[in-house]
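Take a look at the structure set out below.
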Amino acid sequence: MRQKITYEKAVAALKQYLQEHNMRHTPERYHVLQYCCDVPAPFSMEQIIACAQKDFISRNTVYNTVNMLLKAKILHTLNKQFDSARKPLFEFTQSDHIHTEFICTRCGRMSEFKPQAIESVIMNRRYTNFVPEHFTLYVYGQCKACRRLINKKEN
């Protein structure tokens, strides 16, 4: 159910963006948007390309559409690159969404957490010339499984 709501909101935002920028409403753009909804978030460009190739949508069209979705603020890039070999990941932008995650710097495992205290401090604080809409917080470290492996190697 949540994906359907996300897709409907995303379609409305895409239609508005295309209209405001006098761009064409092509079926390929809407197909790429649907693929973004169909794969679990966060997703990579390669996952979207794999879906699009089944419907003969070119790699170039996928890249251009995802870049347009980023400009339209329908998608955003997750800044999880702690080594240069990792590809960027994407997810839908939700203005009411508070995104906080622990990220293991060794294996890349991610786990979301909900810190009400941090949310309260950021969203309720008064800022000069700034109104926060949403935020993302990443806490980098090592997960329990990786720490266990390191401890075994040391002993």
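The values are calculated or read from the model by the stated rules, or taken from the named source; none is laboratory data. Keep in mind that what you see is a predicted model, and the values were worked out from it rather than measured. Quick reminder, even Gly has a Cβ in these numbers, built from the backbone with ideal geometry, and neighbours come from all protein chains shown. The accessibility values were calculated without ligands, DNA or RNA, using every heavy atom of the protein model including side chains. Shrake-Rupley method; radii C 1.70, N 1.55, O 1.52, S 1.80 Å.
Quick look at the numbers
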item: Failed criterion for N67 (all others in (1) modelled with pLDDT of 80 or more; (2) at positive phi hold); result: (2)
item: Pairs, first open to solvent by 100 Å² or more (accessible area, probe 1.4 Å) in the range 119-136, second among the small types (G, A, S), C-beta under 8 Å, six or more apart; result: E133/S95
item: Residue ID - nearest to the chain's Cα centre (by Cα), chosen from residues in the range 132-150 that are part of a loop (DSSP other than H, G, I, E, B) and either acidic (D, E) or at pLDDT below 80 (or both); result: H134
item: Of the criteria (1) touching a Pro at 6+ places or on another chain (Cβ under 7 Å); (2) modelled with pLDDT under 80; (3) open to solvent by less than 50 Å² (accessible area, probe 1.4 Å), which one K80 fails; result: (1)
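Residues are listed down the side, and each one gets a yes or a no for (1) touching an Asp or Glu at 6+ places or on another chain (Cβ under 6 Å); (2) at pLDDT 90 or above; (3) in a loop (DSSP other than H, G, I, E, B); (4) within 30 Å of M110 (Cα to Cα):
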| residue | (1), (2), (3), (4) |
| --- | --- |
| Q3 | no, no, no, yes |
| E8 | no, no, no, yes |
| V11 | no, yes, no, yes |
| L14 | no, yes, no, yes |
| Y17 | no, yes, no, no |
| R24 | no, yes, yes, no |
| A41 | yes, no, yes, yes |
| I48 | no, yes, no, yes |
